[in-house]
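What follows draws every value from the coordinates through simple rules; no lab data is involved. Here the structure is a predicted model, which is why all the values come from computation and not from measurement. Positions of Cβ are backbone-derived with ideal geometry, glycine not excepted, and every protein chain shown enters the neighbour counts.
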Amino acid sequence: MRVATWNINSVRLRLPLIERFVRENKPDILCLQETKVVNDAFPEGAFEQMGFAHRAISGMKSYNGVAILSKIPFAETGVLNWQGKEDCRHIFAKLAGGPEIHCVYIPAGGDVPDPAANPKFAHKLGFLDDLAAYWRGRDDKAAPKMMLGDFNIAPLENDVWSHKQLLDVVSHTPLEVEKLLALQTAHDWIDAPRRFVPESKKLYSWWSYRARDWTVGDRGRRLDHIWITPSLLPQLQATGILKAARGWDPKPSDHVPVWADFSRP
DNA sequence: ATGGTAGCGTAGCTA
């Protein structure tokens, strides 16, 4: 079973690229963030044709939006809200006879890394606190789950192109990294791609649009993550980050797909 | 220190 996550930055605009990814990489479960479309206008037919007969979507006008597209039936789906906002950032689906899958889009947090001066950064930190409290409060720690998506934080030194130069840049500040690690601890989450790529090696999933040439200097960040519970670790076979998708034509997302393969129990 | 690009939706917000 292959599970993938991709911040697609408009599901409607990026449909041809999604079709290419699905054709070439054959995910069984595809989690999307920043779909940027209300549910009524979500291109369900295109996903049906790609073989995703089971779909959980949560979208709003212009911003955010998450979706789980699946070839495997769901036993249950739901939407979760944090910080008192219904802003379409968290959707989950429990597979029939399989793990629970949480697709999350953590707020980006604006530009100023000070929660007193920047409400968007305060929202990001509060969202992380709420999510950690949710996972700390669940009493079924042993049940297999994964949480994946655009977390908008690159926690490790080699999750960014320059640790020193990004210490004051939202996405890599010590404050939000600390909150992300607290969230990780709250449910014993395992960082799946780092099981295969040592922390000493650079690993990115995002390259800014705001560069003339995204390949110059390889100034990336690992903002997109796949976390799994220890109960799923024995089934984890491989992970990958499809860097080539950053250069796909026409009009790529600034994020690339991250995937993980699991053996079926 | 600033601005750079992208998407939605058609101005300005968010990233």
Cα-only radius of gyration and Dmax that characterise chain A, units Å: 17.2, 49
Range in chain A, longest, excluding exposed GluC sites (Glu not before Pro) [loop by DSSP; at most 13 other beta-carbon atoms within 10 Å]: A:87-198
C-alpha center-to-center spacing [the stretch A:92-112, the stretch A:167-213] in angstrom: 16
Amide proton proximity set for A:ASN7, modelled H, under 5 Å, gap of 5+: A:GLN33
Under 17 Å from A:LYS61, Cα to Cα: lysines that are on another chain or at least 8 residues apart: A:LYS36, A:LYS85
Residues A:TYR105, A:TYR63, A:TYR209, A:TYR134 arranged by fewest to most Cβ contacts within 10 Å: A:TYR209, A:TYR63, A:TYR134, A:TYR105
Amide hydrogen neighbours beyond the local backbone of A:ALA238, cut-off 5 Å, H modeled: A:ASP261
Net lengthening on full extension, A:ASP40/A:LEU181 (0.36 nm per residue, minus Cα-Cα): 47.1 nm
At most 14 other Cβ within 10 Å, DSSP loop - trypsin sites (Lys or Arg not before Pro), the stretch A:75-142: A:ARG138, A:LYS141
DSSP bridge pairs, chain A: antiparallel proportion in percent, nearest 5: 80
Cysteines not pairable in chain A (beta carbon separation under 4.7 Å absent): A:CYS88
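Of the cross-linked pairs A:LYS71/A:LYS124; A:LYS124/A:LYS202; A:LYS145/A:LYS243; A:LYS145/A:LYS179; A:LYS26/A:LYS124, which ones have a Cα-Cα span greater than 28 Å in the structure shown?
A:LYS71/A:LYS124; A:LYS26/A:LYS124
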Order of A:THR35, A:THR185, A:THR173 - criterion: other Cβ atoms within 10 Å of each residue's Cβ, fewest first: A:THR185, A:THR173, A:THR35
Fewest-first ranking of A:THR5, A:THR229, using other Cβ atoms within 10 Å as the exposure measure: A:THR229, A:THR5
Most fluctuating residue given options A:GLY126, A:GLY97, A:GLY84, as computed from a GNM of chain A linking Cα atoms under 10 Å: A:GLY84
Residue-by-residue Karplus 3J(HN,Hα) for the stretch A:249-261, coefficients 6.51, -1.76, 1.60, Hz, glycine and proline x: 9, x, 6, x, 5, 7, 9, 10, x, 10, 9, 9, 9
